[in-house]
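The values are calculated or read from the model by the stated rules, or taken from the named source; none is laboratory data. All figures in this text were calculated on a predicted structure; none of them were measured in a lab. In this analysis, Cβ positions are derived from the backbone assuming ideal geometry, glycine residues included, and neighbour counts consider all displayed protein chains.
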Amino acid sequence: MNSPLNAIIIGAGHNGLTCAAYLARAGQSVLVLEAATEVGGLARNRIVANGEQLSSAAHLLHSLPQNIIKDLQLEKHGLHYAAQHLKTVSLNKDGATIVLNKQLAMGDQLSSADLLGYDRFYLDMQRFSKALLPVLGKVAPEIAIEDWRQKLDLLGLGWSIRKLGTFYMREFLRIIGMNLYDLMDEYIENTQLKAAIAMDALLGSEWGARSMGSVLTYLYRQAGELRNNTGLALPSGGMGTVSQAIAKSARQSGADIRCNSPVKHIIIDNNKAVGVVLETGEKIYADTVISNADPKQTFLKLINPDHLGTNFVRQVNNLRAKGKAGKLHLVLSQKPSFTGLDDSLLGERLVIAPGMDDIELAFNPSKYKRYPDSPILEIILPSVRDDSLCQNGQQLLSAVVQYLPYDDSTDEDQNRTAMLKVIIETLEEYAPGISDLITTAELLTPRDIEREFGISGGHWHHVELVFESFLFNRPTPLLTRHATPIDNLLLCGASCHPGGNVMGIAGRNAAQQVLRGEK
Amino acid sequence: MKKQQYDAVIVGAGHNGLVAACYLQRAGLKVLVLEKNPHIGGATTSISRYENFTYSNCSYVYSLFRQEIARELELYKFGLQVIPYEGGAQIIKNADGSYDSMGSYWHGDANRREVERFNKRDATAMERLDRDIVRQCKFIKPLLMRTPPDPTSFKPRDLMELLYLGQRFYGIGKQRMHETLRFYTMSVADYLNEYLENDALKSYLAGGATVGTALGVYSPGTAYVLLHHAMGDIDGTVGAWGFPRGGMGSVSKALNDSFIASGGTVRVDAGVSDFIVEKGKVKGVKLESGESLSANLVVSGMDVRRTFNAIDPNELPKWVIERAKHFRFRGSSGKINIALDSLPSFKGIPANSPCMTGDIHISQSMDELELAYDDWKAGKWSQKPYLDILIPSLIDPTMVPEGKHWMSVFVQYCPYKLAEGEWNETRKQAFGQHIIDRIARYSPDFKDKILHREIRTPKDIENETGMSEGNIFQGELTMDQLIFNRPIPGYAQYRSPIAGLYMCGSSNHPGGGVMGAPGANAAREVLLDLGKGK
């Protein structure tokens, strides 16, 4: 190896790939090192049963910004949609489904007051997500502003809130710190409708809807769809194709991506990151090392603690990183039938969340490391809209399950089996006969996700998306703006501002920081 | 309508109403206080309803009362005498079934040695924890007596206040700014987990953070309530908690006496049903008896819901009515006062321990505290509630006959709305009995000594004091209902939309607790508008 690389990126999650693509476009020489056999991290596929491809973790695309799609020419590199603007359908054991389609709520049991209330709620929340959008796209400003660029960013945030006008600015300042349960009570009465809305705030979160911060996570999720024009979308061929497209784009710009290359540790010389050592013993040097891994992996596994201060290690240890989202994968011999659900809606986003108190009852046990009796579920049947996935009338079912505790007990395997049984029983209540259609069933608990994807706690956002680790404090006060206490070592994953979901924003912003020389 | 004799009428003789009344009277206004009950004090009373036993009926400890107010209104001259209590005890049940207790002492070394008995690392960490909480206190304390700015306004006073707050925040330095932001957004459990290991010690500290709230120890946004450990002071002893001699009613009495001595007038049995408003201006008040009094300066000590319900809706902008309707008051606390024939013993607490004079706690773990909250969410009183148990008679002999005692038990959680139906006498007694059974588990001779019990559910608190839904703070203290959001964004500076009608109760900044700050701040704003202010 002659001239050292400009950058090594540890982990080919979609953010790492995005970072690589942007750096390569700018002429940097980049090597991405991935431990698994394929790229994508939480945005990749798995093979089930007879070779079908199924999204392993993230299964719906909603927050990928149009400008990243354009910059990296992702559509040219294979990003296609099997469906766009999916509706949300709240299932009901008695068949009283509620359908949400942007501003419109439909359901026989909904009063006209609730229909109006939902409309008002939707519009108000759109207004507030728009106000948040600028700050969610940029590198977070420092709390103690150091340069003019950050001053502008902070002023920009202030301005986008001021622009709301007196009445809405007051509202924004009032509701931003609220919990979604109480906020929705100001608009809507029907509990099933509220629960359908709340799903957007709760998936990937460790909190219930009554916790402060659920309005923030709700607005965060809504802001995602403001960045593109495809709404809630289903990528053709599974989420893996999105990461493959980013990887292709990166490779085309000259980046090198190596799979099956787990990194053992980061080489640090005089408080500067200078390269990495692979598990094989191979040493690779670069000007900059960027980690797509979460902070605990990065600092507690890949770096010798001698290089880190006690206060910093304490902060990293204290990070809230215990995921509560599980993943269900089913192969079905044919299309299931959900009570009261028209066949035409089978390809939409289906949720099982009967009401707000049910969400609370699903959430409570997780606080004590226990499993829920009635989990809440976000279900999609990707094969209904995407016939490339399955043959012979078979169907795939992919579901996010909340709230599963991070189970490090000795009964992990029995617990998983028991929980899978509970989930299938729950499904049976909403789709009688579905259990007979199941030919393959797999449940990934947060601990499984931790092991399979190398993410501490199996956490969706790497680090909880909550006020104490948001914006100025994300992921911790000593790790803001992608920088770390080690020179030339950056973070580029979901633990950075703004947070997780398949967006690529953290990856792009990390690249931007490198190109600006802020490392 | 009677001709106007008074310059200002205060509705409600709760402690904030009395504080506002004192300041206005001392500033030269002729002030009348109207109180619906036959007694003054609101939730700050010591009324005897059983033989010669007097209880602090609702509020029961003194610490947060602003010392500036106590001095300016000369409360000590008018008889207020506060006795700080020594410490407290956290009962601990060991794995082998035996009992111990972790005492809390004022003396730093004694306290350290005590914590060391259970966990050496925690003993050291306690010093860091105390230091960090005091730091946060120092930052926020001056803000209690300042009127919140309106962040949407371009008025000089608001811009200046925003600038002051901004400078204050930036002045603490980068690291402290991050810490402060985290402190106000974290859960008390997470915050304590960054310092301590021992579960019982954490429970002892954390339980108090849920008092009066609709939140649990694991809920984000509860850490900052730890401030109450260090925010108050008694005569200069920072962080001390104590009993006013004669019970909390002594605070109201001293305020009342100070008010009367300055020339003020109080009328009891004079509940106000409506504010008389014409064309956006207050003209007077209408009493429940039907009598009307004219006044063009009225200060309401009632909570925001009752205040706005007493105003003709046609006089209020629709959005204000909406906001006031949504201001949350969910009561979550109960209170039981118990007359005792003699001093009970507690498992794990040595007889004659000085810690008995302080707060006694029986919750064993953080999970137990959180489960208590889960019960409340489900509309039930907590199976294993957080109890704040005190026996004031150990250091204040004036409230009960010699040799006897009374116990104050504050209960978290007890819902205002029960899932099973309305509160009635049967359910109320069942609730009281449940609490007594809980205490008896840790005090074997307790039940035999009970002479009388006085039970308050949130419904009782509401009926007696007028605090909606029995919320002891006149409204929940969450980010969306604090500072410039309290009680309504746009009307968070003690003024209502009606000219001449002000608000001085805990529904206003800085909120509840027996602080007196809302009352003092409201009076200051009234005087500012009259041109008499500073």
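I'd like to know if region A:413-426 contains one or more residues that are more than 14 Å from chain B (Cβ to nearest Cβ), out of contact with any strand residue (DSSP E or B) (no Cβ under 9 Å at 6 or more places or on another chain) and of a type in the set (K, R).
So in region A:413-426, the residues more than 14 Å from chain B (Cβ to nearest Cβ) come out as A:413-426.
Okay, now just the ones that are also out of contact with any strand residue (DSSP E or B) (no Cβ under 9 Å at 6 or more places or on another chain), so A:413-415, A:418, A:421-422, A:425.
Going one step further and asking which of them are of a type in the set (K, R), we end up with A:421.
Looking through region A:413-426, at least one residue is more than 14 Å from chain B (Cβ to nearest Cβ), out of contact with any strand residue (DSSP E or B) (no Cβ under 9 Å at 6 or more places or on another chain) and of a type in the set (K, R).
Could you tell me how many of the residues in region B:321-344 are in a loop (DSSP other than H, G, I, E, B) and within 14 Å of chain A (Cβ to nearest Cβ)?
5
Are there any pairs with C-beta distances below 6 angstrom linking a residue in region B:165-181 that is within 10 Å of chain A (Cβ to nearest Cβ) to a residue that is not aliphatic (A, V, I, L, M), with the two at least 6 apart or on different chains, and if so which?
Filtered contacts from region B:165-181: B:H178/A:N473; B:H178/A:P477; B:L181/A:N473.
Test each condition in (1) in contact (Cβ under 8 Å) with a residue 40 or more places away in the chain; (2) closer than 17 Å to A:R516 by Cβ for A:L136 and report the one that comes out false.
Among (1) in contact (Cβ under 8 Å) with a residue 40 or more places away in the chain; (2) closer than 17 Å to A:R516 by Cβ, the lone unmet condition for A:L136 is (2).
Condition test on B:G87, is it touching a Gly at 6+ places or on another chain (Cβ under 6 Å) and either away from every other protein chain (no Cβ under 14 Å) or at pLDDT 95 or above (or both)?
Against the criterion (touching a Gly at 6+ places or on another chain (Cβ under 6 Å) and either away from every other protein chain (no Cβ under 14 Å) or at pLDDT 95 or above (or both)), B:G87 qualifies.
Does A:L115 meet the test of being at pLDDT 95 or above and buried (at least 21 other Cβ atoms within 10 Å of the Cβ)?
Answer is no for this residue.
Counting only residues that are crowded, with 24+ Cβ neighbours inside 10 Å, give me the strands (runs of 3 or more DSSP E) lying completely in region B:1-61 with at least 2 of them. Walk me through how you get there before you give the answer.
Details: elements: B:8-11, B:31-34, B:46-50, B:53-56.
Once the strands (runs of 3 or more DSSP E) in region B:1-61 are filtered for at least 2 residues that are crowded, with 24+ Cβ neighbours inside 10 Å, what remains is B:8-11, B:31-34, B:53-56.
Out of the residues in region B:220-242 that are aliphatic (A, V, I, L, M) and out of contact with any helix residue (DSSP H, G or I) (no Cβ under 7 Å at 6 or more places or on another chain), state the one that is surrounded by the most Cβ atoms within 10 Å (Cβ to Cβ).
B:I234
Looking at this structure, is A:K324 touching a helix residue (DSSP H, G or I) at 6+ places or on another chain (Cβ under 6 Å) and within 14 Å of chain B (Cβ to nearest Cβ)?
The answer is yes for A:K324.
Please verify whether region A:205-219 includes one or more residues that are more than 24 Å from B:E370 (Cβ to Cβ), surrounded by fewer than 20 Cβ atoms within 10 Å (Cβ to Cβ) and more than 8 Å from chain B (Cβ to nearest Cβ).
Within region A:205-219 (the criterion being more than 24 Å from B:E370 (Cβ to Cβ), surrounded by fewer than 20 Cβ atoms within 10 Å (Cβ to Cβ) and more than 8 Å from chain B (Cβ to nearest Cβ)), the answer is no, since none of the residues qualifies.
Quick one: which residue in A:L478, A:L490, A:L443 is in contact with a strand residue (DSSP E or B) (Cβ under 7 Å, 6 or more places away or on another chain) and more than 22 Å from A:K327 (Cα to Cα)?
A:L490
What's the number of the condition B:A492 fails, among (1) aliphatic (A, V, I, L, M); (2) within 14 Å of chain A (Cβ to nearest Cβ); (3) surrounded by fewer than 20 Cβ atoms within 10 Å (Cβ to Cβ)?
Failing condition for B:A492: (3).
Answer yes or no: is there a residue in region B:506-521 that is over 25 Å from B:P458 (Cβ atoms), buried (at least 24 other Cβ atoms within 10 Å of the Cβ) and away from chain A (no Cβ under 14 Å).
Yes, the conditions are met somewhere in region B:506-521.
Within region A:114-124, does at least one residue satisfy the condition of being over 30 Å from A:F470 (Cα atoms) and without any contact (Cβ under 8 Å) to a residue 40 or more places away in the chain?
Looking through region A:114-124, at least one residue is over 30 Å from A:F470 (Cα atoms) and without any contact (Cβ under 8 Å) to a residue 40 or more places away in the chain.
Of the residues in region B:114-150, how many are within 29 Å of the chain's Cα centre (by Cα) and among the basic types (K, R)?
Residues of region B:114-150 that are within 29 Å of the chain's Cα centre (by Cα), as a first pass: B:115, B:125-150.
With among the basic types (K, R) added as a condition, the list becomes B:128, B:131, B:135, B:138, B:141, B:146.
Within region B:114-150, residues that are within 29 Å of the chain's Cα centre (by Cα) and among the basic types (K, R) number 6.
Select the helices (runs of 4 or more DSSP H) contained entirely in region A:130-204, then report the ones holding at least 3 residues which are crowded, with 22+ Cβ neighbours inside 10 Å, touching an Asp or Glu at 6+ places or on another chain (Cβ under 9 Å) and away from chain B (no Cβ under 12 Å).
Answer list for region A:130-204: A:191-202.
Can you tell me which residue among B:R176, B:R131, B:R168 is basic (K, R), modelled with pLDDT under 95 and crowded, with 16+ Cβ neighbours inside 10 Å? First the steps, then the outcome.
On the way: B:R131 fails: crowded, with 16+ Cβ neighbours inside 10 Å; B:R168 fails: crowded, with 16+ Cβ neighbours inside 10 Å.
Going through B:R176, B:R131, B:R168 in turn, the sole match is B:R176.
Touching an Asp or Glu at 6+ places or on another chain (Cβ under 9 Å) and either surrounded by 17 or more Cβ atoms within 10 Å (Cβ to Cβ) or modelled with pLDDT under 95 (or both): does that describe B:K447? Steps first, answer last, please.
Details: touching an Asp or Glu at 6+ places or on another chain (Cβ under 9 Å): yes; either surrounded by 17 or more Cβ atoms within 10 Å (Cβ to Cβ) or modelled with pLDDT under 95 (or both): no.
Against the criterion (touching an Asp or Glu at 6+ places or on another chain (Cβ under 9 Å) and either surrounded by 17 or more Cβ atoms within 10 Å (Cβ to Cβ) or modelled with pLDDT under 95 (or both)), B:K447 does not qualify.
Does B:Y99 satisfy the criteria of being among the aromatic types (F, W, Y) and either within 14 Å of chain A (Cβ to nearest Cβ) or at positive phi (or both)?
no
Restricting to region A:45-100, count the residues that are β-branched (V, I, T) and either over 27 Å from A:A12 (Cβ atoms) or touching a Pro at 6+ places or on another chain (Cβ under 9 Å) (or both).
The number of residues fulfilling the criteria is 5.
Quick one: what pairs do we get from region B:101-117, first residue modelled with pLDDT under 90, second in a helix (DSSP H, G or I), C-beta under 7 Å, 6+ apart or different chains?
B:Y105/B:N111; B:Y105/B:E114
In region A:304-326, which residue that is surrounded by 15 or more Cβ atoms within 10 Å (Cβ to Cβ) and more than 27 Å from A:G204 (Cβ to Cβ) is farthest from the chain's Cα centre (by Cα)?
A:H307
Of the residues that make up region A:402-422, is at least one buried (at least 16 other Cβ atoms within 10 Å of the Cβ), at pLDDT 95 or above and small (G, A, S)?
There is no residue in region A:402-422 that is buried (at least 16 other Cβ atoms within 10 Å of the Cβ), at pLDDT 95 or above and small (G, A, S).
One line per residue, one yes/no per condition, for (1) more than 18 Å from A:R320 (Cβ to Cβ); (2) among the small types (G, A, S):
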{"position": "B:G166", "(1), (2)": "yes, yes"}
{"position": "B:F169", "(1), (2)": "yes, no"}
{"position": "B:T180", "(1), (2)": "yes, no"}
{"position": "B:V188", "(1), (2)": "no, no"}
{"position": "B:D199", "(1), (2)": "yes, no"}
{"position": "B:Y204", "(1), (2)": "yes, no"}
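Only one of these is in contact with a Phe, Trp or Tyr (Cβ under 7 Å, 6 or more places away or on another chain) and either not in a strand (DSSP E or B) or not β-branched (V, I, T) (or both): A:L110, A:L42. Name it.
One residue alone meets the criteria, A:L42.
Under 9 Å by Cβ, and 6 or more places apart or on different chains, what pairs join a residue from region A:169-182 that is touching a residue at least 60 places away in the same chain (Cβ under 8 Å) with one that is basic (K, R) and assigned to a loop (DSSP other than H, G, I, E, B)?
Cβ pairs passing all conditions: A:Y181/A:R210.
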